[in-house]
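The values are calculated or read from the model by the stated rules, or taken from the named source; none is laboratory data. The structure presented is a predicted model; accordingly, all values stated were derived computationally and were not measured. Here the Cβ positions follow ideal geometry from the backbone for every residue, glycine too, while neighbour counts run over all protein chains shown.
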């Protein structure tokens, strides 16, 4: 892992993408994403170690160098401050216009990230509580601000059902599109005047400059490529996009570019208004096509067949702008038999469904890039393409608000022209609450063309379900969303329902205008999104039949509020009710602030969605009618049962009763035959599941984590179930199969003693987690028949005394965790099943055998695991030797193997790997012999040289190719340069840097204090040339582990890093020799822990035996020597003489006690 930055532009990697993520995604989603990006030639920076593995300032440098940031939000993202600190820097760079952020929501609710709710929010607030740094409040505000800014960006959402390969392709496409936009922007970039000015400065138009073609060149080129591919026949092209996105402007420019190629041209603007006027018929287009002909009247009076023959004489260019129905096209174009072959017809519309099936190709006009948006806004606000004075930051906020919509940018910029900054700030504040009047009127044109059902769905999404799962929203609103998506009023991306900010604020404003109580919903329904200051609106709405939805955020309520029992009684048309706290922690214990002292009446026969945090009653009222209910959420409630008896729930698909600690009866749900997800996590009073659940044949997901009273599972078969979570059901002693179609089975922390013998039926099972099943003594051999199993976790099964299964048939197995098991009667090396299986489980990528005291040796067959990437041997106290390792191993962790003495020579099979970065850890291996250490470093050097060639060819940024560590108190003698202390200052002779220089080897000897910590050893290198230009890079030489460790003695840390960042810069520069670094400053330090750098070293490795003079700092102990470059073409006699002279020189140095020297060749 390394980071790189340079003051020389040439040394920075081009098109660099910075990926901000939590470590649990490193080996899965992030690694696949990295591969896809690199396959498309995109340079990407991935922090390869754990989040603590690098000084945050180094990562900040990498962020500043990057053009695009991909923050990947997952449930564990907020486990550590590291990700949030990086995000804070990303936000800073986004604000300054130096970075484009594309957020990725990986299997986490977008709303949870934005509102800090759910698991994501719980972990965030827990992190805040435990934060030990200075200025805790200010730091929290910065994190929240960064989340607020970045999550507003148009991102990509991956759900549990998403196909990751497809979504990765989408991400790569977005990155390529963004990089293309950045490239074009920078070609025409104009320096920005950022001088400070007083607040009274006004934004005045500097000139009447013509409108620059913001982003239009790229779009025109793409359109012309489409058009040119259809030269042999008449081509119908549809242009689609949201209102105001620039379709008309683009077609006008395209018309000007193309009209010279056609004898006849016709541009009909705003067909929608033409149709409303009643003046549209088939002749209007023909007259427009013939307007330049001298005999137009004669032609117009021709009979239809004669007119058709006349029109067929020449090709035509026809543009129909703002078409809103297929009928309009039918009236204007007819059957098209009058159009000559080779003509071009372009139709623009804001409704994709209008042209689907009617045109040959469709081009979607996307929003402007960030740079184009800012320049477009600035043109109308200032008359120049960049903000002036101290208006830069606020201009970016307006540009961000418009989200690349040219019409909005034009309106906002024009209205702000000539106004002072105070007016700008007030306008921006108002926009957060409601949209601009002109923009709102413009968008209302499209809204008014919707049916009443479509209007209701649009406002429901705007008020309640923005960023919701598509299937989920569709079920709640009981309508297909495709019509709104076709009209670009919503956007369905990655299975999520998104909405442009302009449409969102328009919808919210319109909904609030309709929110006054009324008897009948003739103007639309009333929707209330309230906070603690707006409870009066809820009280006034009591009895209002037109209320469709109420969302009340109780997070800021300071005191208890009592409401009348009839508050909701007359809201018989209420569809959505959500009483929640945006600050509720997962384990929140706060009292409910909303009380109903006389009970609650909830007839609510139309209710689709009911979310009530800390519901105060022991059950839902008898009058509650769930016949239309789709989602029931009562987390942390007081309920003991859902309702009395069994009620009809034909539409109920989601139930969440998590942490309802008094819940003991689920019989009320037995008619929920459509139920798909049931969350009972933390229901500590629930002892059993009813046998009637057999009828829940749609149930896919059942979570009973932490149901500590659960004793037994019923004899049922749920054919749709894919995920069953019984984690920490601590008194569950017997497990029964309740579905043969399980894909994920979590039994970790249960009291089971054995597994059923019919486990072989789980032929779709992917994950089997038995971690910490401390009473499990054996597992059936039939597990070996689970051909789909990818992950088998047996960690902490301390009574498991025999090797579990014959795994040779597990062709899909990728993760096998056996740490903490007790093979008291058998040793791993004596297990024939494992030996026979090595070749059969070549798919294995991660093998964990740590904390197993019975292991003394590993079998040689382990080298057959050709896909193994991680081998964990930590604290195998009796391990003596390590055999030849497989070729693709990235991480070997042998920390704490006290008796380990020898390793194979060579240590591992050497070959090109998919990933070029490796880490072999031998910390606290205090018995390791010198020959073993030599084998480790020899393999590291050879592998680094092999990978360095690839880095050189592919232009990778500098990262540590290989790092290793083992006990020791001295820098190995073969290092070219060694120094006492943490710093090396070097001077280089001419010609030292060429393409044969493959790697730089860095070494630090660290002395540790007697304590446990999560340290990292970092090296920062700064190379300076004659021109004073510096190339900087950093790399981690070791440490950075997730779990803290105690290091018993002095240790040697060695890292091999590529030189491509130096050689590429030098070779790509004019005045080659002046760009060659002549000096270097190398500094080592221990971060995130206590330790002292005692000694350090550096060596240069060439692909041929070349050596150079390296002069040491006069204040240190130098090992410098005068070694001339030995070329492979010199004669054998010259080579012999050179060797003799070298050894004479070494003798002189030795006897004069001048320093250390040695002959080093590769």
> Any residue in segment 520-541 that is buried (at least 19 other Cβ atoms within 10 Å of the Cβ), in a helix (DSSP H, G or I), at pLDDT below 95 and more than 24 Å from the chain's Cα centre (by Cα)?
Replying inline: yes
> Mind checking which residues of segment 545-578 are in a loop (DSSP other than H, G, I, E, B) and surrounded by 20 or more Cβ atoms within 10 Å (Cβ to Cβ)?
Replying inline: 546, 554, 568, 571, 574, 575
>> Given (1) touching a helix residue (DSSP H, G or I) at 6+ places or on another chain (Cβ under 6 Å); (2) touching a residue at least 60 places away in the same chain (Cβ under 8 Å); (3) not in a helix (DSSP H, G or I), identify the lone condition not met by residue 338.
In response: (2)
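Condition first: assigned to a helix (DSSP H, G or I) and under 30 Å from residue 174 (Cα atoms). Now tell me which residues in segment 116-140 satisfy that. Let's see the steps before the verdict.
The initial filter retains those residues of segment 116-140 that are assigned to a helix (DSSP H, G or I), namely 118-130, 136-140.
Hits for segment 116-140 are 118, 119, 120, 121, 123, 124.
Return the residues of segment 676-704 that are under 17 Å from residue 665 (Cα atoms) and assigned to a loop (DSSP other than H, G, I, E, B); say none if nothing qualifies.
Within segment 676-704, the subset under 17 Å from residue 665 (Cα atoms) is 678-696, 702-704.
Selection gives 680, 681, 682, 683, 684, 685, 686, 687, 689, 690, 696, 704.
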> (1) without any contact (Cβ under 8 Å) to a residue 24 or more places away in the chain; (2) touching a helix residue (DSSP H, G or I) at 6+ places or on another chain (Cβ under 9 Å): which one isn't true of residue 696, the others all being true?
Replying inline: (1)
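How many of the residues making up segment 1081-1119 are modelled with pLDDT of 50 or more and farther than 30 Å from residue 1049 by Cα? So that I can check it myself, show each step before the final result.
First pass over segment 1081-1119, keeping only residues modelled with pLDDT of 50 or more: 1081-1104.
Of the ones still in play, those that are also farther than 30 Å from residue 1049 by Cα are 1102-1104.
Final tally of qualifying residues: 3.
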> Picking from 203, 138, 173, which residue would you name as being surrounded by fewer than 17 Cβ atoms within 10 Å (Cβ to Cβ) and at pLDDT below 80?
Replying inline: 138
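For segment 1001-1036, give me each residue that is more than 25 Å from residue 966 (Cα to Cα), crowded, with 16+ Cβ neighbours inside 10 Å and out of contact with any strand residue (DSSP E or B) (no Cβ under 7 Å at 6 or more places or on another chain). Show your work before the answer.
The first filter runs over segment 1001-1036 and keeps only residues more than 25 Å from residue 966 (Cα to Cα), leaving 1022-1032.
Adding the requirement that they be crowded, with 16+ Cβ neighbours inside 10 Å leaves 1022-1025, 1029-1032.
Across segment 1001-1036, the qualifying residue is only 1029.
Here is a check on your reading of the model: is residue 113 at pLDDT below 85, surrounded by 17 or more Cβ atoms within 10 Å (Cβ to Cβ), part of a helix (DSSP H, G or I) and touching a helix residue (DSSP H, G or I) at 6+ places or on another chain (Cβ under 7 Å)? Walk me through how you get there before you give the answer.
On the way: at pLDDT below 85: no; surrounded by 17 or more Cβ atoms within 10 Å (Cβ to Cβ): yes; part of a helix (DSSP H, G or I): yes; touching a helix residue (DSSP H, G or I) at 6+ places or on another chain (Cβ under 7 Å): yes.
Considered against the rule, which asks whether it is at pLDDT below 85, surrounded by 17 or more Cβ atoms within 10 Å (Cβ to Cβ), part of a helix (DSSP H, G or I) and touching a helix residue (DSSP H, G or I) at 6+ places or on another chain (Cβ under 7 Å), residue 113 comes out as no.
Could you list, in sequence order, all residues of segment 141-163 that are at pLDDT below 85 and assigned to a helix (DSSP H, G or I)?
Filtering segment 141-163 for residues at pLDDT below 85 gives 141, 152-155, 160-163.
Of everything in segment 141-163, just one residue is at pLDDT below 85 and assigned to a helix (DSSP H, G or I), namely 141.
Return the only residue of 732, 742, 686, 678 being closer than 30 Å to residue 638 by Cβ, at pLDDT 95 or above, touching a strand residue (DSSP E or B) at 6+ places or on another chain (Cβ under 7 Å) and not assigned by TED's automatic domain parsing to the domain that holds residue 851. First the steps, then the outcome.
On the way: 732 fails: touching a strand residue (DSSP E or B) at 6+ places or on another chain (Cβ under 7 Å); 742 fails: closer than 30 Å to residue 638 by Cβ; 686 fails: touching a strand residue (DSSP E or B) at 6+ places or on another chain (Cβ under 7 Å).
678 is the lone residue from the list that is closer than 30 Å to residue 638 by Cβ, at pLDDT 95 or above, touching a strand residue (DSSP E or B) at 6+ places or on another chain (Cβ under 7 Å) and not assigned by TED's automatic domain parsing to the domain that holds residue 851.
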> When segment 653-668 is examined, which residues are found to be out of contact with any helix residue (DSSP H, G or I) (no Cβ under 8 Å at 6 or more places or on another chain) and either surrounded by fewer than 21 Cβ atoms within 10 Å (Cβ to Cβ) or under 19 Å from residue 609 (Cβ atoms) (or both)?
Replying inline: 656, 657, 658, 660, 661, 662, 664, 665, 668
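Among the listed residues 117, 107, identify the single one that is more than 27 Å from residue 67 (Cα to Cα), in the same structural domain as residue 63 (by TED's automatic domain parsing) and in contact with a strand residue (DSSP E or B) (Cβ under 9 Å, 6 or more places away or on another chain).
Among 117, 107, only 117 is more than 27 Å from residue 67 (Cα to Cα), in the same structural domain as residue 63 (by TED's automatic domain parsing) and in contact with a strand residue (DSSP E or B) (Cβ under 9 Å, 6 or more places away or on another chain).
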> When segment 466-481 is examined, which residues are found to be touching a residue at least 40 places away in the same chain (Cβ under 8 Å) and surrounded by fewer than 18 Cβ atoms within 10 Å (Cβ to Cβ)?
Replying inline: 478
> If the Cβ limit is 8 Å and pairs must be 6+ apart or interchain, which residue in segment 650-673 that is at positive phi pairs with which residue that is in a loop (DSSP other than H, G, I, E, B) and buried (at least 19 other Cβ atoms within 10 Å of the Cβ)?
Replying inline: 659/635; 659/636; 659/681; 659/682; 659/683
> In segment 709-724, is there at least one residue being at pLDDT 95 or above, surrounded by fewer than 16 Cβ atoms within 10 Å (Cβ to Cβ), closer than 23 Å to residue 819 by Cβ and not assigned by TED's automatic domain parsing to the domain that holds residue 815?
Replying inline: no
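Based on this model, can you work out whether residue 243 counts as modelled with pLDDT of 90 or more, out of contact with any strand residue (DSSP E or B) (no Cβ under 9 Å at 6 or more places or on another chain) and part of a loop (DSSP other than H, G, I, E, B)? Talk me through it step by step, then tell me what you get.
Details: modelled with pLDDT of 90 or more: yes; out of contact with any strand residue (DSSP E or B) (no Cβ under 9 Å at 6 or more places or on another chain): yes; part of a loop (DSSP other than H, G, I, E, B): yes.
Yes, satisfied.
Could you please find all residues in segment 978-1000 being at pLDDT 90 or above and either surrounded by 23 or more Cβ atoms within 10 Å (Cβ to Cβ) or outside the structural domain of residue 1044 (by TED's automatic domain parsing) (or both)? Can you show your working first?
So the first thing to find is which residues in segment 978-1000 are at pLDDT 90 or above, and the list is 978-985.
Listed by number, the residues that qualify are 978, 979, 984.
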>> Let me confirm something: among 395, 353, 373, 343, which residue is modelled with pLDDT of 90 or more and surrounded by fewer than 17 Cβ atoms within 10 Å (Cβ to Cβ)?
In response: 353
> Hey, residue 327 hits all of (1) at pLDDT 85 or above; (2) assigned to a loop (DSSP other than H, G, I, E, B); (3) surrounded by 11 or more Cβ atoms within 10 Å (Cβ to Cβ) but one; which does it fall short on?
Replying inline: (2)
> Taking segment 423-437 on its own, how many of its residues are loosely packed, with under 15 Cβ neighbours inside 10 Å, modelled with pLDDT of 90 or more and touching a helix residue (DSSP H, G or I) at 6+ places or on another chain (Cβ under 9 Å)?
Replying inline: 2
